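Novice: One structure follows; several queries about it will come next.
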Amino acid sequence: MTTTAAMQPADHPAHALLLACGNTLRGDDGVGWRIGCAVAEQVAGHGLTVVMTRQLLPEHAEAISAADVVVFVDCSAGSAAGTVSTVAVEAAEKMPGILTHHLDPGSLLRLALDLYDRSPAHAVAITVGGESFELSDQLSMPVKAAVPRALEAVRSALHGVPVA
Amino acid sequence: MAQTITIDPVTRLEGHGRITLKTNADGEVCEAFFSVTQVRGFEKFCEGRPYYEMPALMARICGICPVSHLIASAKACEAIMAVNIPPTAAKLRRALNLAQTIQSHALSFFYLASPDLLLGMESDPAERNIFGVAKMHPELGRAGVGLRRFGQHMIELLGRKRIHPGWVVPGGVTEALDAAKRDEILALLPEAYANATMALAAYKQIAGRFQDEVESFANFPGLFMGMVSEAGRLEFTDAKLRMIDAEGLVLVDGMGAAQFDQYIGEAVEPYSYMKFPYLKSLGYPRGVYRVGPLARLNIASHTGTPLADAELNEFKKLAKGPVLGSFHYHHARLIEILHGIEVIEQLFSDPTILDKHVRATAGVNQQEGAGIAEAPRGTLMHHYKVDEKGLMKWANLVIATGQNNHAMNKGVLQVAKRYVKSDKLTEGMLNRVEAVIRTFDPCLSCSTHAFGQMPLVIELLAPDGAKLDEVRRP
């Protein structure tokens with residue numbers, strides 16, 4: 001599913017895109033969606049596009065190519081629960097050998113570059129470490145507690161604040 | 001020495017399958033099996049649920065063609081309710097089914113098949129994917145992305161969700177179309193036309209390079225089944241089924257959903273969980289048949305839309321009778337994309353598409369009902385039995401991919417005999433064995449999509465089961 005929402009122009013660069021990934025029925029994997037929903041609810045106006053999606057797809061390359069700033073938000077199974085990380089994303093040099101239904105942010109930037117000859121000036125991936133991915137529509141306590149910090153990280157990223 | 005070659009899993013398919021090739025003492029392929037190794041159980045776990053839940057439940061079978069399941073299921077429910085849905089609801093469902101067909105065909109052609117077609121069967125597997133296409137042929141990559149976006153966005157506009165929309169219900173649809181959405185869809189059409197016509201032109205330019213594959217990719221005389229109007233026009237949603245033989249002779253005509261199980265039986269083979277449907281009057285395996293784009297275009301005399309009709313006329317010149325080579329599924333898919341765009345334009349240019357009466361209501365008036373629709377991959381049939389309260393007692397689903405099961409097996413054997421020599425396995429040989437399956441665009445697991453990399457493993461086994469050799473795709 002994909003939904004879109006807008007944000008005040010003054011809150012972000014002219015063409016900003018937030019790609020929020022995850023599955024709200026798989027416990028902490030839904031944190032990306034919740035952050036995307038929160039951003040969409042807290043702001044109003046035009047300019048920021050919020051896309052909620054279960055996974056990154058080649059079709060997202062077009063919107064990425066049109067954005068100046070892109071922020072990917074997702075849960076991470078590889079970091080400690082509740083850990084909020086912000087990592088700069090560059091277009092991948094080498095593409096994955098076999099495409100199924102999953103792409104990582106770097107590959108998507110590369111696809112945007114190859115297809116549309118353009119990629120955003122600034123792209124970051126913000127992840128929240130998760131601990132529970134069983135069938136549930138609830139976040140674990142550490143992940144729930146991390147949502148405000150993740151939202152703050154999103155706001156900084158949308159303003160183009162360099163990654164430390 | 002006799003050997004067994006296993007390709008497991010097969011890549012760039014919707015789901016997981018396994019190919020096993022058996023060679024004789026001379027090293028020639030003598031048997032081939034395409035196995036589907038998953039069990040879903042949808043027919044069983046729906047028992048006891050109210051019939052009106054079925055469309056929403058059954059749509060979860062597939063993440064690519066949930067709309068077809070929604071429609072076939074809703075039609076089965078409407079047979080139980082004994083109602084006719086409002087004309088505008090039928091038009092909206094028709095448009096939704098075509099939007100799904102467009103995005104699904106675009107996925108099949110551009111993302112899964114075009115790497116073989118544009119970069120070559122023997123090309124580096126690390127490059128032979130949509131990224132390789134984007135690098136070498138960005139205009140076609142953009143067309144593929146554009147057609148996917150068009151179909152998905154239209155599904156989202158109509159059904160509020162790109163995947164598993166709940167809009168189609170027993171009796172019609174939940175919500176009428178408003179003028180703003182109609183106008184938004186109409187505004188997307190010029191780009192969709194441009195992408196579809198460009199893809200068709202590009203395909204026709206390169207198809208000549210694959211004459212060997214055209215000859216050997218499941219190219220054999222056989223039966224075809226698909227939905228057409230009484231006048232023979234290509235249909236996807238509200239018409240009856242016709243079956244023809246390899247010469248084009250009509251074997252069955254006017255087959256409605258209620259007659260489906262009178263005509264069609266389902267055989268089983270020990271090596272696969274997927275069944276083998278066949279025409280009962282001819283028996284199994286003589287009565288096996290193909291469905292999907294190639295079958296539909298072989299059966300239809302015309303599409304009813306001008307651009308697709310011109311393409312269909314050209315397509316039919318590929319053979320004197322029905323086009324028998326399954327490689328031409330790719331071509332047929334592109335023609336159906338063009339046809340879908342034209343029909344959507346026709347439907348949305350008709351002011352009655354905004355009619356507010358889009359749902360009929362009724363209770364249980366029959367205790368059995370069946371529904372059919374053309375899914376992107378072919379004919380789809382849902383058949384239900386309920387008790388007097390409308391609780392599900394029994395369900396049977398005949399899925400498009402199952403109806404191509406025998407043809408896929410036959411195609412694998414045909415290609416393997418031509419290309420695979422067990423003493424010298426090459427990537428190109430094995431890719432062709434997979435590519436013949438891809439021509440059918442089978443949807444094996446449907447709703448459970450593969451995640452991450454699917455490695456290709458080929459094992460050479462001696463008759464006693466000992467592993468002689470193994471090749472792994474990076």
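Novice: Can you tell me what share of the DSSP beta bridges in the stretch A:9-158 is antiparallel? A percent to the nearest 5 is fine.
Specialist: That works out to approximately 20 percent antiparallel.
Novice: Given the pairs B:K280/B:K410; B:K161/B:K240; B:K240/B:K317, which are separated by over 23 angstrom at their Cα positions?
Specialist: The answer is B:K161/B:K240; B:K240/B:K317.
Novice: Right, here's the next one. With charges set only on the Cβ (+1 for Lys and Arg, -1 for Asp and Glu), what does the dipole of the stretch B:195-275 come to about its Cα centre, in debye to the nearest 20?
Specialist: Its charge dipole is roughly 300 debye.
Novice: Work out the length of the dipole vector of the stretch A:9-158 about its Cα centre, built from +1 on the beta-carbon of each Lys and Arg and -1 on the beta-carbon of each Asp and Glu, and round it to the nearest 20 debye.
Specialist: Once rounded to the nearest 20, the dipole reads 160 debye.
Novice: If the cut-off is 20 Å between C-alpha atoms, which aspartates and glutamates fall inside it for B:K356, apart from same-chain ones fewer than 8 positions away?
Specialist: Candidates past the 8-residue exclusion: B:E78, B:E156, B:E175, B:D178, B:D183, B:E184, B:E345.
Novice: Under the rule of at least 5 residues apart or a separate chain, name every residue whose amide H is placed under 5 Å from the amide H of B:C443.
Specialist: B:T401
Novice: Now a separate question. What aspartates and glutamates sit close enough to B:K204 to cross-link, taking a C-alpha to C-alpha distance under 13 Å and skipping anything fewer than 8 places away on the same chain?
Specialist: Filter leaves B:E311, B:E314.
Novice: Can you divide the C-alpha Rg of the stretch B:57-140 by 2.2 N^0.38 Å and report the result to two decimal places?
Specialist: 1.57
Novice: Please report, to two decimal places, log10 I(q)/I(0) for the stretch A:9-158 at q = 0.11, 0.14, 0.16, 0.18 Å⁻¹ as given by the Debye formula with identical point scatterers on the Cα atoms and no solvent.
Specialist: Log10 I(q)/I(0), no solvent term: -0.39, -0.63, -0.82, -1.03.
Novice: What is the ratio of the Cα radius of gyration of the stretch B:87-206 to 2.2 N^0.38 Å, with N the residue count, to two decimals?
Specialist: Here the Cα radius of gyration is 1.22 times the empirical estimate.
Novice: Just going by the charge dipole of the protein assembly as shown, with Lys and Arg at +1 and Asp and Glu at -1 on Cβ, which of A:L17, B:H331, A:V147 is farthest out on the positive end?
Specialist: B:H331
Novice: Kindly provide the pair-distance distribution of chain B built from C-alpha pairs, with 20 Å bins from 0 and whole-percent values in order of increasing distance.
Specialist: With a bin width of 20 Å, the distribution comes to 25, 58, 16, 1.
Novice: Now a separate question. For the protein assembly as shown, report the % of Cα-Cα distances exceeding 50 Å.
Specialist: Taking all Cα-Cα pairs of the protein assembly as shown, the fraction more than 50 Å apart is 10 percent.
Novice: For a quick check: sort B:F45, B:F315 by the number of other beta carbons within 10 angstrom, fewest at the front.
Specialist: B:F45, B:F315
Novice: Computed over the Cα atoms of the stretch B:306-406, what is the ratio Rg over Rh, Rh following Kirkwood?
Specialist: When Rh is taken as the Kirkwood radius, the ratio is 1.10.
Novice: With a cut-off of at most 14 other beta carbons within 10 Å, and DSSP calling the residue loop, which trypsin sites (Lys or Arg not before Pro) in the stretch B:375-419 qualify? Please list them.
Specialist: Loop-located and lightly packed - B:K389.
Novice: By average Cβ neighbour count within 10 Å, what is the ranking of B:86-94, B:253-261 from highest down?
Specialist: Ranked by mean Cβ neighbours within 10 Å, highest first: B:86-94, B:253-261.
Novice: Can you list the GluC sites (Glu not before Pro) in the stretch B:338-411 that are in a DSSP coil and have 10 or fewer other beta carbons within 10 angstrom?
Specialist: When the GluC sites (Glu not before Pro) of the stretch B:338-411 are filtered for loop state and at most 10 Cβ neighbours within 10 Å, B:E388 remain.
Novice: Using a simple charge model, +1 on the beta-carbon of Lys and Arg, -1 on the beta-carbon of Asp and Glu, nothing else, what dipole does the protein assembly as shown show about its Cα centre, in debye to the nearest 20?
Specialist: That gives a dipole near 660 debye.
Novice: Shielding by partners for A:110-122, please: the mean number of other protein chain Cβ atoms within 10 Å of each residue's Cβ.
Specialist: Counting Cβ atoms of other protein chains within 10 Å of each residue's Cβ and averaging gives 3.
Novice: Next up: Going by how many other Cβ atoms sit within 10 Å of their own, how do B:C65, A:C21 line up, fewest first?
Specialist: Fewest-to-most Cβ neighbours within 10 Å comes out as A:C21, B:C65.
Novice: Fewest first, what order do B:V168, B:V268, B:V420 take by the number of other Cβ atoms within 10 Å?
Specialist: Lowest to highest Cβ neighbour count: B:V268, B:V420, B:V168.
Novice: With axes computed from alpha carbons, what is the tilt in degrees of helix B:405-419 against the longest principal axis of chain B, rounded to the nearest 10 within 0 to 90?
Specialist: 30
Novice: Related question: Using a Debye calculation, one point per C-alpha and no hydration shell, please list log10 I(q)/I(0) for the stretch B:255-333 at q = 0.21 Å⁻¹ in order.
Specialist: Summing over Cα pairs of the stretch B:255-333 leads to -1.00.
Read-outs throughout are calculated quantities, based only on the coordinates presented, and are distinct from any laboratory measurement. None of these values were measured; they are calculated from a predicted model. Heads up, the Cβs are rebuilt from the backbone with ideal geometry, glycines too, and the neighbour counts pull from every protein chain shown.
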